[in-house]
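Take a look at the structure set out below.
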Amino acid sequence: MDRFEILNEPTGTYSIFDRFTELPATVGGRTFIGLYRHEVPLALLAAMDAFRPGAGSMPPSLTMLGCWRQRNGLKDRQLDGLQA
């Protein structure tokens, strides 16, 4: 549960932020911002399940980067013979 932080917004609603990406948690195309208090527990469980180790989830920012690289014809490459 340390990965996610529940924030009380000034409007009286809640958001769930992913501390790893520093972005609102997103699961199944739904971004967890503007939640009412009764929605928070289920949203948190969904986020925890989607990002549990071994679930194969990739942070949204990395997914977008991969799509951007693909659209622009960029491929992973090795520089100066160095390998990661």
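Rule-based calculations on the coordinates, nothing more; no lab input. Fair warning: this is a prediction, and the values are worked out from it, not measured in the lab. Here Cβ is always computed from backbone atoms with ideal geometry, including for glycine, and neighbour counts include all displayed protein chains.
If you scan the stretch 5-28, which residues turn out to be within 14 Å of Ala47 (Cα to Cα) and either in a strand (DSSP E or B) or of a type in the set (Lys, Arg) (or both)? Once the filter is applied, which keeps residues that are within 14 Å of Ala47 (Cα to Cα) and either in a strand (DSSP E or B) or of a type in the set (Lys, Arg) (or both), the stretch 5-28 yields Glu5, Ile6, Ser15, Ile16, Phe17, Asp18, Arg19, Leu23, Pro24, Thr26, Val27.
Scanning the stretch 29-53 for residues that are outside any helix (DSSP H, G or I) and either closer than 12 Å to Phe4 by Cα or in contact with a Pro (Cβ under 8 Å, 6 or more places away or on another chain) (or both) yields Thr31, Phe32, Ile33, Phe51, Arg52. Based on what the data block shows, is Leu7 surrounded by 11 or more Cβ atoms within 10 Å (Cβ to Cβ) and either touching a strand residue (DSSP E or B) at 6+ places or on another chain (Cβ under 6 Å) or of a type in the set (Phe, Trp, Tyr) (or both)? Against the criterion (surrounded by 11 or more Cβ atoms within 10 Å (Cβ to Cβ) and either touching a strand residue (DSSP E or B) at 6+ places or on another chain (Cβ under 6 Å) or of a type in the set (Phe, Trp, Tyr) (or both)), Leu7 qualifies. Considering only residues that are in contact (Cβ under 8 Å) with a residue 12 or more places away in the chain and under 17 Å from Arg37 (Cβ atoms), look in the stretch 10-26 and name the one that is surrounded by the fewest Cβ atoms within 10 Å (Cβ to Cβ). Here the answer is Thr11.
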